[in-house]
1. Dipole of segment 5-131, Cα-centred, from +1 at each Lys and Arg C-beta and -1 at each Asp and Glu C-beta, to the nearest 20 debye?
2. Along the principal axes of its C-alpha atoms, what lengths does the chain span, in descending order and rounded to whole Å?
3. Toward the positive end of the charge dipole of segment 22-136, about the Cα centre and with charges on Cβ (Lys, Arg +1; Asp, Glu -1), which of TRP126, ALA70, VAL89 goes farthest?
4. Please return the longest stretch of the chain lacking exposed loop sites, where chymotrypsin sites (Phe, Trp or Tyr not before Pro) count only if DSSP places them in a loop and at most 15 other Cβ atoms lie within 10 Å.
5. Where does the chain land at 222 nm, in deg cm²/dmol rounded to the nearest 500, when only DSSP H runs of n ≥ 4 count, each adding -39500 (n - 2.57), divided by all residues?
6. Could you name the lysines in cross-link range of LYS61, using Cα to Cα under 27 Å and dropping any fewer than eight places away on the same chain?
Amino acid sequence: MFREIFVNLPIKDMGKSQAFFKALGLSFNPQFTNEQGACLEIAPNIYAMLLVEPFFKGFTKLPISDAKKATEVLIALSCDSRDEVDQIVAKAVAAGGTTPNAPQDHGFMYQHGFADLDGHQWEVCWMDMAAAPAQM
């Protein structure tokens with residue numbers, strides 16, 4: 001039924017936000033990127049639209065939440081290994097992000113995360129599905 005996901009996130013500074021995500025090794029689709037919005041390519045069919053706040057306001061009548069003061073969403077992404085989880089978080093911190101939580105090791109699943117420059121929380125995890133409990 002659904003083919004793609006576009007997560008829309010309000011940002012304060014387009015240049016700084018693009019530099020942050022490029023430091024993580026991600027890229028932007030130039031066809032859908034300008035001074036008001038940038039299409040962050042996360043994986044095939046997974047995108048985040050980074051929209052400067054005045055432009056973002058045009059899509060909602062509700063106030064924009066300050067992600068540094070309240071959690072509006074947790075964006076969870078899977079990785080191929082525990083090491084990749086740690087590498088991505090390290091890149092995010094080196095680019096100016098923060099780590100709101102300590103890493104968590106559940107045996108079959110390892111997760112850590114970072115907050116980007118605007119405070120949006122990105123959870124990064126690796127799972128060994130063969131070792132996962134039958135029911136959670």
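Read the figures in this text as sums done on the coordinates, not as results from a lab. None of these values were measured; they are calculated from a predicted model. When we count neighbours, we look across all protein chains shown, and the Cβ atoms used for this are built from the backbone with ideal geometry, even at glycine.
1. Details: 9 positive and 15 negative charges, 94 e Å.
The dipole magnitude comes to about 440 debye.
2. 45, 38, 29
3. Value: ALA70.
4. Values: sites that count: PHE2, PHE108.
Value returned for the longest uninterrupted segment is 3-107.
5. On the way: 3 runs with 27 residues, N = 136.
Taking each H run of at least 4 residues, the total per residue is -5500 deg cm²/dmol.
6. LYS12, LYS16, LYS69
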